[in-house]
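Read through the structure below, which is laid out as structure tokens, and then see the notes.
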Amino acid sequence: MSTPKHCPGFQNFKTLKSFTCKCPNCAEEVEIFSDEFDRSHVCGSCNQKIDFTQCKLEGAA
């Protein structure tokens, strides 16, 4: 028996990207993964809904 190199299900998630967006209400940074864009999100700090389609990339040169 061999030991797997990765956790079970690793292949399903290895292409995910993470993004951060500042909450438009309180400016708290919120993280979202690329497979979650179609879900609704709420800021953990102020409990307001966040529309990630309105996020802007910061620090891009």
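The values are calculated or read from the model by the stated rules, or taken from the named source; none is laboratory data. Everything quoted here is computed from the prediction, not taken from an experiment. Note that each Cβ is placed from the backbone with ideal geometry, even for glycine, and that neighbours are counted across all protein chains shown.
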Checklist entry - Name the residues in region 49-59 that are in a loop (DSSP other than H, G, I, E, B) and surrounded by 14 or more Cβ atoms within 10 Å (Cβ to Cβ), would you? => result Cys55
Checklist outcome for this item: For region 30-46, pairs from a residue that is in contact (Cβ under 8 Å) with a residue 12 or more places away in the chain and surrounded by fewer than 12 Cβ atoms within 10 Å (Cβ to Cβ) to a residue that is of a type outside the set (S, T, N, Q) and in a helix (DSSP H, G or I), with Cβ under 8 Å and 6 or more apart or across chains, are Phe37/Phe52
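Rundown of residues vs (1) outside any loop (DSSP other than H, G, I, E, B); (2) modelled with pLDDT of 85 or more; (3) among the small types (Gly, Ala, Ser); (4) exposed (fewer than 10 other Cβ atoms within 10 Å of the Cβ), yes/no style:
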{"position": "Ser2", "(1), (2), (3), (4)": "no, no, yes, yes"}
{"position": "His6", "(1), (2), (3), (4)": "no, no, no, yes"}
{"position": "Asn12", "(1), (2), (3), (4)": "yes, no, no, yes"}
{"position": "Thr15", "(1), (2), (3), (4)": "no, no, no, yes"}
{"position": "Cys26", "(1), (2), (3), (4)": "no, yes, no, no"}
